[in-house]
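This report refers to the structure that appears directly beneath it.
The values are calculated or read from the model by the stated rules, or taken from the named source; none is laboratory data. For clarity, every value in this text was computed on a predicted model and none was experimentally measured. Cβ: placed from backbone, ideal geometry, glycine included. Neighbour counts: every protein chain shown. For accessibility, only protein heavy atoms count, side chains too; no ligands or nucleic acids. Shrake-Rupley method; radii C 1.70, N 1.55, O 1.52, S 1.80 Å.
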Amino acid sequence: MNRCKTLWRAACRRPFRALYALGVCLLALALAGNFALDQLLYAAGLLKEKTVTPENAGQYVLVNMENTGDTLVSTTGDAQLLLSPGTLVRRLRLVARYQGDGGEKDLYYHLPGFGYTPLLRVWPASQPDGSWLYTLPRFAGQGLRLDLADSAGVRLELEAIVLNERLPAWRYFVPSAWQLFWLAALPGLAGCAVTLKREKGEEK
């Protein structure tokens with residue numbers, strides 16, 4: 001009990017240091033929990049590794065795209081691939097070769113009662129091998145829409161769409177840019193609020 005009181009007094013004297021330490025601990029717990037939950041979902045069979053190739057025509061529908069056999073060509077600025085994976089999707093990796101710049105390559109997911117809206121959109125992270133990796137929230141629905149081109153005449157060779165590919169364990173413990181941003185911002189703002197409140201109390 002005395003140890004807890006000592007730590008509490010130290011935290012009150014140095015709110016910034018205490019809040020940043022708390023933020024680091026919470027981020028570490030979140031990263032570890034993310035890793036543990038994914039492993040449980042894989043073990044339970046709710047996350048299944050799967051690869052969709054152009055030959056699996058029954059699992060996707062092309063919209064505003066023409067299939068010429070070896071390449072896909074966008075016919076408008078709203079070229080889409082509607083995917084019905086039949087399984088929960090946590091990660092999607094697009095393996096394709098573009099002839100030129102295809103523009104934005106965003107992924108929309110579907111929730112019951114909602115259509116495809118910008119609120120339910122995921123941006124890709126470019127991978128060293130030239131593919132694009134999308135990470136979806138765990139509550140995302142199974143209906144997915146890939147926007148493959150934002151102008152007409154874009155040509156690409158679609159090799160595969162890889163679903164739920166297992167990540168190396170260490171990748172789970174690398175914070176994202178947003179996580180680092182909030183870790184830097186929130187404890188500092190909270191520390192300022194605590195300090196101002198304490199100073200006002202002392203003035204009274």
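Odds and ends about this structure:
- Test: residue in the range 189-203 that is closer than 24 Å to Ala30 by Cα, part of a helix (DSSP H, G or I), touching a helix residue (DSSP H, G or I) at 6+ places or on another chain (Cβ under 6 Å) and modelled with pLDDT under 90: yes
- Here is the figure for the range 98-114: residues that are assigned to a loop (DSSP other than H, G, I, E, B), at negative phi and open to solvent by 40 Å² or more (accessible area, probe 1.4 Å) total 5.
- Within the range 38-61, being open to solvent by less than 70 Å² (accessible area, probe 1.4 Å) and out of contact with any Leu (no Cβ under 6 Å at 6 or more places or on another chain) holds for Asp38, Gln39, Tyr42, Gly45, Val52, Thr53, Asn56, Ala57, Gln59.
- Condition met for Gln80 (of a type in the set (S, T, N, Q) and at pLDDT 90 or above): yes
- Residues being modelled with pLDDT of 90 or more and either in a loop (DSSP other than H, G, I, E, B) or under 21 Å from the mean Cα position of the chain (by Cα) (or both) - total across the range 56-70: 1
- Residues of the range 154-183 that are open to solvent by 50 Å² or more (accessible area, probe 1.4 Å) and under 20 Å from Asp78 (Cα atoms): Arg155, Glu157.
- In the range 76-97, the residues that are of a type outside the set (Lys, Arg), surrounded by 16 or more Cβ atoms within 10 Å (Cβ to Cβ) and either without any contact (Cβ under 8 Å) to a residue 40 or more places away in the chain or farther than 11 Å from Leu158 by Cβ (or both): Ala79, Gln80, Leu82, Leu83, Pro85, Leu88, Val89, Leu92
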